[in-house]
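Since the structure comes first, as structure tokens, the remarks are kept for the end.
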Amino acid sequence: MTDDNLPISREKFIQELRSYEKGSVSRRHFLGVTGLGTAMAVMGSAIPGLMPRRAQAQELGNRAVLATWPNYHDPANFDRFAEETGVYTQVNVFGSNEEMLAKIQAGGSGWDVFVPTNYAISTYVDADLIEPLDLSKLPNYDAASFDPRFSEAGTIGGKVYAVPKNWGTTGIAFNSDKTGGVVNSWKAFFDGARDQWTGRVMVHDYQLTTIGNALVYFGHSFNSIDPAELAEAEKLLIDVKPHLFAISSDYQPAMRNGDAWLTMCWTGDGKQMHTDMPEIDFALGKEGGEIWSDYYAIPKDAPHREAAYALINYLLKPEVAELDALAHGYPVADARVNALLPEALLNDPILYPAAESLNALEFGAAVTLTDPNRAELMARFKSA
């Protein structure tokens with residue numbers, strides 16, 4: 001092909017090609033800008049990945065079902081994945097690891113990929129609900145690139161059952177115009193909910209964080225299953241419940257429209273809201289709380305297993321994970337991705353708090369997921 005055949009300059013063509021290969025523009029955009037739409041079949045054989053290989057499309061099928069968390073992906077990445085592979089990603093959103101576990105235990109979830117948090121993975125392994133990953137199908141996974149703090153929970157007995165996605169913290173999002181300043185303690189959060197901020201506070205529909213932060217209020221471990229300590233946490237939660245705006249893990253709408261002024265909040269949600277509305281800020285509870293990491297895993301009964309591997313491998317590609325991080329605002333544990341991110345993001349105190357502020361935080365413990373006392377406490381709190 002000569003320069004005369006191109007509707008754009010050779011330099012512009014190369015620039016667009018590199019953008020396409022990086023994943024930052026779609027196949028449709030590339031074909032349209034370069035005028036190659038009518039020559040797609042020819043160029044598809046010349047430029048790897050320009051169009052799905054027939055054999056690959058037949059092998060993968062046309063769908064992958066992903067169970068994940070709210071506001072946790074760049075939807076455009078799924079569009080690009082579909083354009084490259086012919087596989088459409090169906091996204092199911094959940095609010096807690098308990099919901100995910102119950103769905104998989106019931107059988108027939110239909111999921112191909114799901115996103116469990118660090119403390120839940122051993123439960124899935126013990127229950128024989130997931131099996132070790134075939135890492136030969138995940139060439140974009142480079143274990144050496146990940147901070148071990150946020151990747152080690154995926155490896156059990158020397159076998160890799162899940163690979164890292166993102167990490168973060170669970171803190172407090174607050175509208176400083178309404179609260180009159182920073183709210184950076186669980187004591188202020190719960191006491192204020194019963195006083196000056198009554199009717200304006202939200203807690204998660206998620207026992208780990210809601211019970212955990214109530215425990216921290218009293219100086220107990222975020223992961224405690226001690227009956228006496230749980231009784232203290234329950235008394236606090238029952239006392240605060242009439243003053244709450246809502247119990248929900250989908251808190252962004254209420255915070256954005258002003259119905260809620262404070263909420264328990266995950267890192268990325270805090271960043272997303274603060275970017276759009278600077279008066280909504282985020283702080284860690286100084287008494288402690290949660291630090292977490294999420295992973296990609298494949299259920300044993302995944303109906304589209306090859307598509308599952310293809311989707312995870314695609315999302316692990318550094319250039320794709322970079323776009324994801326820019327969209328959702330959660331910290332990244334992959335050094336390859338961090339090397340691509342802007343310094344302003346890497347220095348953001350919401351995403352990457354000072355190391356000393358992380359010292360008081362705890363990773364969730366596996367026992368909290370299956371402890372009947374915590375499950376019953378949450379049920380009583382919600383029905384009170």
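The values are calculated or read from the model by the stated rules, or taken from the named source; none is laboratory data. These figures come from a predicted structure and were not determined experimentally. Note that we place each Cβ from the backbone using ideal geometry, even for glycine, and neighbour counts take in every protein chain shown. Just the protein is used for accessible areas: all its heavy atoms, side chains included, with ligands, DNA and RNA removed. Shrake-Rupley method; radii C 1.70, N 1.55, O 1.52, S 1.80 Å.
Of the residues ASP239, ASP276, ASP226, which is at pLDDT 95 or above, farther than 25 Å from GLY364 by Cβ and open to solvent by 50 Å² or more (accessible area, probe 1.4 Å)?
Exactly one of ASP239, ASP276, ASP226 is at pLDDT 95 or above, farther than 25 Å from GLY364 by Cβ and open to solvent by 50 Å² or more (accessible area, probe 1.4 Å), namely ASP276.
Tell me which of these GLU99 doesn't satisfy, since it passes every other one: (1) within 16 Å of PRO299 (Cα to Cα); (2) touching a residue at least 60 places away in the same chain (Cβ under 8 Å).
(2)
Taking the criterion of being more than 26 Å from GLY364 (Cα to Cα), in contact with a Phe, Trp or Tyr (Cβ under 8 Å, 6 or more places away or on another chain) and among the aromatic types (Phe, Trp, Tyr), would at least one residue in the range 184-196 satisfy it?
Within the range 184-196, none of the residues are more than 26 Å from GLY364 (Cα to Cα), in contact with a Phe, Trp or Tyr (Cβ under 8 Å, 6 or more places away or on another chain) and among the aromatic types (Phe, Trp, Tyr).
Could you say whether any residue in the range 318-328 is assigned to a loop (DSSP other than H, G, I, E, B) and farther than 16 Å from GLN272 by Cβ?
No.
Name the pairs whose Cβ atoms lie under 6 Å apart, with the first residue in the range 73-91 and without any contact (Cβ under 8 Å) to a residue 24 or more places away in the chain, the second buried (at least 19 other Cβ atoms within 10 Å of the Cβ), and 6 or more positions between them or separate chains?
Final answer for the pair search is PHE78/THR89.
Only one of these is more than 22 Å from ASP74 (Cβ to Cβ) and at pLDDT 95 or above: GLY158, GLY168. Name it. First the steps, then the outcome.
On the way: GLY168 fails: more than 22 Å from ASP74 (Cβ to Cβ).
Exactly one of GLY158, GLY168 is more than 22 Å from ASP74 (Cβ to Cβ) and at pLDDT 95 or above, namely GLY158.
With respect to TYR295, is the statement that it is buried (at least 21 other Cβ atoms within 10 Å of the Cβ), assigned to a helix (DSSP H, G or I) and not β-branched (Val, Ile, Thr) true?
Values: buried (at least 21 other Cβ atoms within 10 Å of the Cβ): yes; assigned to a helix (DSSP H, G or I): no; not β-branched (Val, Ile, Thr): yes.
When the stated conditions are applied, TYR295 does not pass them.
If you check VAL182 against the conditions, is it under 28 Å from ASN359 (Cβ atoms) and open to solvent by less than 10 Å² (accessible area, probe 1.4 Å)?
The answer is no for VAL182.
Hey, among the residues in the range 242-273 that are open to solvent by less than 10 Å² (accessible area, probe 1.4 Å) and β-branched (Val, Ile, Thr), which one's nearest to the chain's Cα centre (by Cα)?
THR267
Check ALA153, ALA173 and return the single one that is aliphatic (A, V, I, L, M), out of contact with any strand residue (DSSP E or B) (no Cβ under 6 Å at 6 or more places or on another chain) and modelled with pLDDT of 95 or more. Working first, answer last.
Values: ALA173 fails: out of contact with any strand residue (DSSP E or B) (no Cβ under 6 Å at 6 or more places or on another chain).
Within the list ALA153, ALA173, the selection yields ALA153.
For SER357, which of the numbered conditions (1) in contact (Cβ under 8 Å) with a residue 40 or more places away in the chain; (2) open to solvent by less than 30 Å² (accessible area, probe 1.4 Å); (3) out of contact with any Asp or Glu (no Cβ under 9 Å at 6 or more places or on another chain) fails to hold?
SER357 satisfies all of (1) in contact (Cβ under 8 Å) with a residue 40 or more places away in the chain; (2) open to solvent by less than 30 Å² (accessible area, probe 1.4 Å); (3) out of contact with any Asp or Glu (no Cβ under 9 Å at 6 or more places or on another chain) except (2).
Restricting to helices (runs of 4 or more DSSP H) lying wholly in the range 155-264: which have 1 or more residues that are among the charged types (D, E, K, R) and either touching a Lys or Arg at 6+ places or on another chain (Cβ under 8 Å) or in contact (Cβ under 8 Å) with a residue 40 or more places away in the chain (or both)?
176-179, 186-193, 227-240
Would you please name the residue that is nearest to the chain's Cα centre (by Cα), looking only at residues in the range 309-351 that are open to solvent by 30 Å² or more (accessible area, probe 1.4 Å) and among the acidic types (Asp, Glu)?
This residue is GLU319.
Going through the range 293-317 one residue at a time, which ones are more than 22 Å from GLY108 (Cβ to Cβ) and aliphatic (A, V, I, L, M)?
If the condition is that a residue be more than 22 Å from GLY108 (Cβ to Cβ) and aliphatic (A, V, I, L, M), then ALA310, LEU315, LEU316 are the ones that fit.
Which number in (1) of a type in the set (Val, Ile, Thr); (2) touching a helix residue (DSSP H, G or I) at 6+ places or on another chain (Cβ under 7 Å); (3) open to solvent by less than 10 Å² (accessible area, probe 1.4 Å) marks the one condition that VAL115 misses?
Against the list (1) of a type in the set (Val, Ile, Thr); (2) touching a helix residue (DSSP H, G or I) at 6+ places or on another chain (Cβ under 7 Å); (3) open to solvent by less than 10 Å² (accessible area, probe 1.4 Å), VAL115 comes up short only on (2).
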